[in-house]
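Notes for the one structure printed next.
The values are calculated or read from the model by the stated rules, or taken from the named source; none is laboratory data. None of the values given here were measured: they were computed from a predicted structure. Backbone-built Cβ (ideal geometry, glycine too); neighbour counts: all protein chains shown.
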Amino acid sequence: MNRIELGTVPTPLGELPESMLACTIRKEREGEPAKSMQIEEVPIPEIGANEALVLVMAAGVNFNGVWAAQGKPISVFRMHKDPFHIAGSDAAGIVWKVGSDVRRWKPGDEVVVHCNQSCGQCPECNGLDPMACSEQKIWGYETNWGSFAQFTKVQAQQLVRKPKQLGWIESASYGLTYFTAYRMLVDRAEVKPGDHVLVWGAAGGLGIFAVQLCRLMGAHPVAVVSSASKAELVRKLGANLVINRREYDFVRRPDDTPELAKHRQAELKRFGGEIRRLTQGKDPDIVFEHVGRETFSSSVFLAKRFGKIVICGATSGYELDFDVRHLWMRQKSIIGSHFANAYQAERANELILDGRIRPVLDQVFEFHDTPQAHQLMKENRHQGKLAIRIQAPK
Ligand SMILES: NC(=O)c1ccc[n+]([C@@H]2O[C@H](COP(=O)([O-])OP(=O)(O)OC[C@H]3O[C@@H](n4cnc5c(N)ncnc54)[C@H](OP(=O)(O)O)[C@@H]3O)[C@@H](O)[C@H]2O)c1
């Protein structure tokens with residue numbers, strides 16, 4: 001067998017073709033996702049003793065694919081030495097082959113892949129948190145052989161069970177953003193019943209899960225969106241308190257005149273006033289941050305005294321500028337958070353398995369449209385999650 005057909009599950013189980021189709025990025029093509037990502041034929045990766053080869057039924061689209069395609073803020077080719085990069089940090093598929101030391105999984109198992117890799121041997125992996133491992137990497141971003149290919153290579157500890165009630169494509173769509181939101185809220189910010197949580201980008205990949213988790217934990221999400229259709233989506237997910245950020249002009253710009261700066265601050269206070277109106281006078285106990293430059297100073301300003309700003313990303317820029325007086329005088333905390341460890345992914349996945357948290361799939365793309373799906377995400381023309389059909393039959 002030279003190569004398997006897209007949209008099929010080959011037989012017999014475990015038999016390997018000589019090569020596979022993959023959506024690759026090459027150094028010389030880094031730029032807009034629609035041009036930088038291309039389908040080509042590559043060899044099947046070899047697996048190590050603790051690894052598994054997974055037949056990718058479907059893959060989820062994430063913002064790190066956009067960063068990888070652009071080569072910005074850093075090129076993925078600084079993180080590994082392979083001549084091409086296969087992006088993709090979400091997958092659902094069938095275990096096709098396992099390494100000699102893998103005990104918990106076998107060929108034929110239906111799985112979802114979480115995207116944290118670590119060495120598994122250091123004291124941090126074995127006592128603190130695998131996210132603290134000095135070799136910690138995000139699979140499909142900091143490593144090659146991500147999910148936009150017919151097969152992917154993963155560490156066996158990355159596997160969790162695929163929910164039986166969900167199809168392949170929905171199953172591929174939630175891992176990265178949901179497990180990240182879970183760690184941010186449950187473990188890092190320690191959300192409590194009754195908390196008010198300001199969720200930026202509430203209809204985006206992280207936001208849809210932050211809203212659902214807040215509801216499940218008995219907290220009140222204050223969902224920020226930028227359109228009526230996104231407002232409708234977050235209301236369906238259980239957000240009763242919704243604000244359209246387009247109705248306010250609080251984003252500070254470096255070349256703001258003193259008059260403009262004053263206007264922006266007044267707008268931010270108006271935005272804060274709307275939060276208080278919705279919450280009957282409460283400021284956010286937690287701000288769920290991932291937008292970065294354009295919202296961070298507002299997040300620090302808006303959080304309640306002793307409140308927390310938990311941040312995992314910076315879509316609009318990572319060099320942040322804020323008035324630190326709002327932080328110390330009101331004793332707020334900024335908490336960094338990054339993906340999740342295997343235990344958190346497993347615990348979070350259980351809530352999907354029993355139907356208490358659900359994925360929100362916006363659009364499904366065929367494999368050849370993987371570059372366009374990333375372009376759409378870059379341009380913020382989506383809501384919820386985007387996913388790619390690979391071996392899942394139509
Ligand atoms: N560290 C980690 O482990 C981790 C994990 C997941 C994601 N991330 C990062 O987190 C970020 C978000 O990921 P995602 O999957 O949620 O992306 P997404 O699906 O694109 O959603 C992001 C949302 O942010 C909002 N947004 C964009 N620009 C904004 C701006 N200037 N001001 C206010 N809101 C803005 C948009 O909502 P509206 O336009 O409706 O407001 C959008 O829906 C990305 O930078 C990603 O790389 C990090």
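So that you can scan it fast, the table gives a plain yes or no per residue for (1) among the charged types (D, E, K, R); (2) modelled with pLDDT of 95 or more; (3) closer than 29 Å to residue 62 by Cβ:
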residue: 277; (1), (2), (3): yes, yes, no
residue: 284; (1), (2), (3): no, yes, yes
residue: 290; (1), (2), (3): no, yes, yes
residue: 293; (1), (2), (3): yes, yes, yes
residue: 300; (1), (2), (3): no, yes, yes
residue: 305; (1), (2), (3): yes, yes, no
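The sole residue among 203, 228, 181, 219 that is more than 12 Å from the ligand (Cβ to nearest atom) and hydrophobic (A, V, I, L, M, F, W, C) is 219. What are the residues in the range 78-98 that are farther than 13 Å from residue 144 by Cα and either at pLDDT below 95 or surrounded by fewer than 17 Cβ atoms within 10 Å (Cβ to Cβ) (or both), if any? Scanning the range 78-98 gives no hits. There is no residue in the range 336-355 that is more than 13 Å from the ligand (Cβ to nearest atom) and part of a strand (DSSP E or B).
When 197, 234 are screened for being assigned to a strand (DSSP E or B) and either aromatic (Phe, Trp, Tyr) or crowded, with 19+ Cβ neighbours inside 10 Å (or both), only 197 passes.
Is it true that some residue in the range 19-32 is under 29 Å from residue 361 (Cα atoms), outside any loop (DSSP other than H, G, I, E, B), aliphatic (A, V, I, L, M) and out of contact with any strand residue (DSSP E or B) (no Cβ under 8 Å at 6 or more places or on another chain)? Among the residues of the range 19-32, not one is under 29 Å from residue 361 (Cα atoms), outside any loop (DSSP other than H, G, I, E, B), aliphatic (A, V, I, L, M) and out of contact with any strand residue (DSSP E or B) (no Cβ under 8 Å at 6 or more places or on another chain), which makes the answer no. For beta carbons closer than 7 Å, sequence separation of 6+ or different chains, a first residue in the range 187-203 that is at positive phi and assigned by TED's automatic domain parsing to the domain that holds residue 239 and a second that is surrounded by 24 or more Cβ atoms within 10 Å (Cβ to Cβ) and assigned to a loop (DSSP other than H, G, I, E, B), the qualifying pairs are 201/290. Sub-7 Å Cβ pairs linking a first residue in the range 129-157 that is part of a strand (DSSP E or B) to a second residue that is of a type in the set (Phe, Trp, Tyr), at least 6 apart or interchain, are 138/339; 151/96; 152/145; 153/145; 154/139, ordered by first then second residue.
State yes or no: is residue 258 more than 22 Å from residue 360 (Cα to Cα), surrounded by fewer than 24 Cβ atoms within 10 Å (Cβ to Cβ) and without any contact (Cβ under 8 Å) to a residue 12 or more places away in the chain? Against the criterion (more than 22 Å from residue 360 (Cα to Cα), surrounded by fewer than 24 Cβ atoms within 10 Å (Cβ to Cβ) and without any contact (Cβ under 8 Å) to a residue 12 or more places away in the chain), residue 258 qualifies.
Consider the range 169-194 and keep the residues that are in a helix (DSSP H, G or I) and among the basic types (Lys, Arg). The one that is farthest from residue 282 (Cα to Cα) is 183. Taking the criterion of being among the hydroxyl-bearing types (Ser, Thr, Tyr) and in contact with a helix residue (DSSP H, G or I) (Cβ under 7 Å, 6 or more places away or on another chain), the only residue of the range 1-58 that qualifies is 36. Taken as a whole, the structure places residue 376 among residues that are within 16 Å of the ligand (Cβ to nearest atom), without any contact (Cβ under 8 Å) to a residue 60 or more places away in the chain and not in a strand (DSSP E or B).
In the condition set (1) on the phi > 0 side of the Ramachandran plot; (2) out of contact with any Gly (no Cβ under 6 Å at 6 or more places or on another chain), residue 103 is compliant with all but (1).
State all residues of the range 158-168 that are under 15 Å from residue 105 (Cβ atoms) and either touching a Ser or Thr at 6+ places or on another chain (Cβ under 7 Å) or in a strand (DSSP E or B) (or both); if no residue qualifies, say none. Selection gives 159, 160, 161, 162.
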